[in-house]
Every structure is written in C-alpha cells, then in structure tokens.
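Down below is the structure, laid out as structure tokens.
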Amino acid sequence: MIRAKFLGVGMYVPPKVVTNDDLSTLMDTSDEWIRQRTGIEQRHWVEGKTTNADLGFEASKMALSKAGIEAKEIDLIVYATLSSDHDFPGTGVFLQKKLGIGGCATIDIRQQCTGFVYGLSIADQFIRSGMYKKVLVVGSEVHSRGLDRSPRGREVSVLFGDGAGAAILGAVDVKDGSKDSYLCSTHLHSDGNFAEELWVAGPGMGFGGETRFPTADVSDEVYYPKMNGKTVFLHACKRMPEAVMEALNASEKKIEDIDLFIFHQANLRINDMVAKQFSIPEHKVFNTIQKYANTTAATIPIGLAEAERAGKLKPGMLVAIAAFGSGFTWGSALVRW
Ligand code: UT7
C-alpha cells in the first residue's frame with residue numbers, strides 16, 4: 001500500500017533571543033510569572049525585514065537537505081500559518097518563489113496551532129491517493145510584529161515566539177502491519193462554537209462596519225490576539241488526551257508502545273497534565289517551549305527536528321503527535337519514524 005513517509009525535517013528560528021527579563025522591560029510582566037505559569041524562559045523574534053516566508057524557506061532548506069532531495073522534486077507545498085506575510089496571496093507561493101519551483105501546487109491553511117497536523121493529513125491524503133509523490137509541509141510564524149505590548153495584552157503577548165519547521169513527506173510502498181517507517185494515521189477536529197475564545201477580530205471582511213480598514217472609532221484592540229486563557233487551557237487539557245487516544249486506538253497501540261510524544265507547545269503545564277494523566281515518563285515527552293515559546297503552526301515540526309538533532313528521535317520509533325488551538329481546532333497523528 002502507498003503511504004507517506006517522513007523523508008526529512010528541518011527548523012529555523014531567527015537569531016534574536018528575547019528573554020522573559022527582556023519582555024519585562026517592554027510590558028508589565030516578570031520572569032517569575034511567565035516561568036511559573038507557562039514554562040517559557042525565552043523566545044526568538046525576527047528583526048529588520050525578515051518575513052514569515054524567509055523563516056519557512058530556511059526550515060525547508062534544512063528539511064530538503066535531510067531528505068537528500070532537490071526542491072524541484074516537490075509536487076505540493078502545504079503552508080500552515082496564522083501570521084501570513086500578506087492578506088493574499090498565501091505565504092506558500094512566496095516560499096515557492098524562494099525555492100525556485102514555480103509550477104507545483106501550493107495550499108495555505110489556517111488551522112493555527114493545529115495547522116501542521118492538518119498539513120500532515122492533507123499531504124497524507126494526496127500521497128495515499130497517488131496524486132503526488134513528494135509534499136513539503138511547513139509551519140511558520142512571525143508573532144512578534146503583532147503582539148499587544150500594553151498591559152491589556154500581556155497574558156497573550158508573553159506566550160508567543162517566531163520560528164518555522166518543515167517536513168518532506170514522500171510516497172513509499174509499505175506492507176500492512178509491517179514496521180516500515182510511515183505516517184500511520186491522522187485525526188482532525190474543530191469546533192467553531194469556540195472561534196472567539198482565541199482570535200484576532202480584525203481587519204477582515206466580516207469584521208463589521210462599512211470598511212475593514214482602521215477607522216477613528218475602532219479601538220486598536222481588535223487587531224491583536226485576544227484569548228480567554230482559562231477556557232482555552234481547560235479545553236486543551238481535555239482535547240489533547242482525547243486526540244492522543246484516537247491516534248493510538250486507530251493502530252491498536254497503547255501508551256506504553258509509544259517511544260516519543262511530540263505535543264503542541266502552548267503551555268508546559270498542559271503537556272505535564274497530559275503526561276501525568278497517562279503516566280508517561282518524562283523522557284518520552286519532548287518539549288521546546290522553554291526556548292522557543294509558542295510558535296503555533298511551527299511547534300510540532302520544530303519539536304521533530306530538535307528531537308532528531310538531539311538523538312531522541314530515531315528510525316523505527318513510534319511517535320505520537322497532538323495539538324490543540326484556536327478555532328478551536330485539535331488533532332493528532334501516529335508515525336513510525
Ligand atoms: O496555542 C494556543 C492555545 N493556547 C493555550 O493553550 C493557552 C492556554 N492558557 C494558558 O496557558 C493560561 O491560561 C495562561 C498562561 C494564558 C494564563 O495562566 P493562568 O494561570 O490561567 O493565569 P490567570 O489568567 O489566572 O491570571 C492570573 C493573574 C491575573 O492577575 P489577578 O487577576 O490574579 O490579579 C493576571 O492579570 O496573572 C495576571 N497576569 C500576568 N501577570 C504578569 C496575566 N498575564 C500576566 C503576565 N505577567 N504576562
């Protein structure tokens with residue numbers, strides 16, 4: 001049967017490090033609060049004219065090099081981001097231009113923290129159907145330019161960082177029930193009833209009024225991310241374990257069968273809670289939030305690339321991936337690495 005295999009993963013964060021102490025000079029917060037409530041110690045921010053597509057390009061180059069293939073072999077780019085460089089067109093075509101592979105297909109998706117899991121699933125469907133053989137899936141974010149630095153926004157602004165991750169998925173012929181490396185399954189969910197619990201209201205065509213552009217009577221509050229932190233936290237703690245179990249059940253696996261868990265990085269306390277609920281030993285959960293904060297669509301591929309670089313992700317390992325975020329969206333994947 002034709003399945004998708006991870007041929008290579010890559011990641012990139014811009015060089016500028018912003019510590020919690022640095023943040024406390026910009027807004028009303030403290031290193032102690034951020035560490036205790038989230039586990040975050042620092043994040044990376046872009047400088048100058050660096051774009052979202054620039055970050056995606058660097059991560060993609062690393063993934064291509066790890067996969068040992070040339071960019072021109074890519075049939076489809078799936079680009080997941082909530083911080084696109086422009087309203088339209090999507091950021092995928094700007095990455096395509098940088099890679100010099102005009103002509104292949106591109107899809108931009110807007111599933112926020114679950115964006116990369118959705119991207120994996122899209123890649124998997126195209127590969128299983130036989131339509132494409134090599135798909136580049138990218139998660140990339142530039143948050144630092146859109147953060148509310150006033151006291152009003154501090155609960156959200158301390159959480160996010162800039163960065164990108166990428167994966168090349170390629171078609172392989174595997175035998176059912178074999179221990180070959182491939183993406184075993186993906187599982188996707190969303191619930192629009194909670195769309196306004198974590199969102200940026202404007203500008204947008206549905207933003208109300210006669211124009212989507214700033215007017216004197218509109219507070220700039222609407223242009224910044226707004227979150228009902230406690231509601232998001234509670235739902236994440238419910239949906240992440242559900243998503244993990246869905247992926248395991250689909251392959252008749254148990255928690256003990258999993259060698260490594262790569263979870264979305266929104267809050268260390270959420271991941272610790274999931275690990276505790278399933279009695280997962282600490283060394284099997286690979287967290288990067290301490291260094292990079294929440295890079296939304298990029299957290300999962302950054303986690304995969306870092307785990308591989310650290311020697312914690314090796315061929316043959318069974319890897320469970322799960323994410324939850326704005327939308328609400330959530331999902332999971334099981335991978336034989
Ligand atoms: O990736 C997308 C998904 N996102 C998430 O999953 C995030 C989910 N939510 C969370 O991670 C947590 O709710 C937060 C980290 C956002 C907040 O943690 P919390 O433990 O729920 O804090 P809180 O909302 O209960 O706030 C506690 C206090 C408040 O002060 P009072 O009312 O107790 O006096 C806040 O005003 O902390 C205050 N506070 C801050 N203090 C210093 C809020 N933000 C900050 C800050 N620095 N940055």
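Using the structure shown, decide if T106 is touching a residue at least 24 places away in the same chain (Cβ under 8 Å), β-branched (V, I, T) and under 22 Å from A266 (Cβ atoms). Before you say what the answer is, go through the steps one by one.
Values: touching a residue at least 24 places away in the same chain (Cβ under 8 Å): yes; β-branched (V, I, T): yes; under 22 Å from A266 (Cβ atoms): no.
Taking the combined requirement at face value, the residue does not satisfy it.
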Legend entry - Verdict on T50 being of a type in the set (V, I, T), surrounded by fewer than 21 Cβ atoms within 10 Å (Cβ to Cβ) and assigned to a helix (DSSP H, G or I): no
Legend entry - the range 2-47 - residue that is part of a loop (DSSP other than H, G, I, E, B) and of a type in the set (S, T, Y) and, of those, nearest to the ligand (Cβ to nearest atom): T29
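Among the residues of the range 74-85, are any touching a residue at least 60 places away in the same chain (Cβ under 8 Å), open to solvent by 70 Å² or more (accessible area, probe 1.4 Å) and outside any helix (DSSP H, G or I)?
yes
Would a scan of the range 133-141 turn up a residue that is more than 16 Å from the ligand (Cβ to nearest atom) and either open to solvent by 10 Å² or more (accessible area, probe 1.4 Å) or out of contact with any strand residue (DSSP E or B) (no Cβ under 6 Å at 6 or more places or on another chain) (or both)?
First, the residues of the range 133-141 that are more than 16 Å from the ligand (Cβ to nearest atom): 133-138.
Filter again for either open to solvent by 10 Å² or more (accessible area, probe 1.4 Å) or out of contact with any strand residue (DSSP E or B) (no Cβ under 6 Å at 6 or more places or on another chain) (or both), leaving 133-134.
Yes, the range 133-141 contains a residue that is more than 16 Å from the ligand (Cβ to nearest atom) and either open to solvent by 10 Å² or more (accessible area, probe 1.4 Å) or out of contact with any strand residue (DSSP E or B) (no Cβ under 6 Å at 6 or more places or on another chain) (or both).
Assess whether I77 counts as being of a type in the set (A, V, I, L, M, F, W, C) and closer than 30 Å to M131 by Cα. I'd like the intermediate steps shown before the answer.
Working: of a type in the set (A, V, I, L, M, F, W, C): yes; closer than 30 Å to M131 by Cα: yes.
Yes: the conditions hold for I77.
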Legend entry - Exclusive hit being under 30 Å from D191 (Cβ atoms), at pLDDT below 95 and acidic (D, E), set D87, D108, D124: D87
Inset, instruction - Output the qualifying pairs, or none if there are none: Cβ atoms under 6 angstrom, residues six or more apart or on different chains, first residue in the range 22-48 and more than 17 Å from Y292 (Cβ to Cβ), second residue within 13 Å of the ligand (Cβ to nearest atom) and open to solvent by less than 40 Å² (accessible area, probe 1.4 Å). - result: T29/L23; T29/V158
Inset, instruction - Any residue in the range 268-281 that's assigned by TED's automatic domain parsing to the domain that holds C237 and touching a residue at least 24 places away in the same chain (Cβ under 8 Å): show its pairings with residues that are open to solvent by less than 30 Å² (accessible area, probe 1.4 Å) and among the small types (G, A, S) at Cβ separation under 6 Å, as long as the two are six or more apart or on different chains. - result: L268/G39; I270/A236
Inset, instruction - Of the conditions (1) at pLDDT below 95; (2) touching a Gly at 6+ places or on another chain (Cβ under 7 Å), T25 clears all except one; give me its number. - result: (2)
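Going through the range 286-313 one residue at a time, which ones are out of contact with any strand residue (DSSP E or B) (no Cβ under 8 Å at 6 or more places or on another chain) and closer than 14 Å to F263 by Cβ? Break it down into steps so the answer makes sense when it comes.
Taking the range 286-313 as the starting set, the residues that turn out to be out of contact with any strand residue (DSSP E or B) (no Cβ under 8 Å at 6 or more places or on another chain) are 288-289, 309-311.
The answer is T288, I289.
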Inset, instruction - Scan F160, F94 and give me the residue that is within 18 Å of A297 (Cβ to Cβ), within 16 Å of the ligand (Cβ to nearest atom), among the aromatic types (F, W, Y) and open to solvent by 10 Å² or more (accessible area, probe 1.4 Å). - result: F160
Inset, instruction - Go through the range 269-301 and give me each residue that's crowded, with 19+ Cβ neighbours inside 10 Å, within 14 Å of the ligand (Cβ to nearest atom) and more than 18 Å from G119 (Cβ to Cβ). - result: I270, N271, V274, N287, T288, I289, Y292, A293
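Here's the yes/no breakdown for (1) without any contact (Cβ under 8 Å) to a residue 60 or more places away in the chain; (2) closer than 22 Å to V285 by Cβ; (3) in a loop (DSSP other than H, G, I, E, B); (4) of a type in the set (V, I, T):
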{"residue": "R145", "(1), (2), (3), (4)": "no, no, no, no"}
{"residue": "G170", "(1), (2), (3), (4)": "no, no, no, no"}
{"residue": "S185", "(1), (2), (3), (4)": "no, yes, no, no"}
{"residue": "A195", "(1), (2), (3), (4)": "no, no, no, no"}
{"residue": "F207", "(1), (2), (3), (4)": "yes, no, yes, no"}
{"residue": "T211", "(1), (2), (3), (4)": "yes, no, yes, yes"}
{"residue": "T231", "(1), (2), (3), (4)": "yes, no, no, yes"}
Legend entry - Any helices (runs of 4 or more DSSP H) falling wholly within the range 236-337 and containing at least 3 residues that are among the hydrophobic types (A, V, I, L, M, F, W, C), at pLDDT 95 or above and under 16 Å from the mean Cα position of the chain (by Cα): 299-309
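The values are calculated or read from the model by the stated rules, or taken from the named source; none is laboratory data. What you are looking at is a predicted structure, and each value in this text was computed from that prediction instead of being measured. Glycine also receives a Cβ, built like all others from the backbone with ideal geometry; neighbour counts cover every protein chain displayed. Each accessible area value is taken on the protein alone, full model and side chains, heavy atoms only, with ligands, DNA and RNA left out. Shrake-Rupley method; radii C 1.70, N 1.55, O 1.52, S 1.80 Å.
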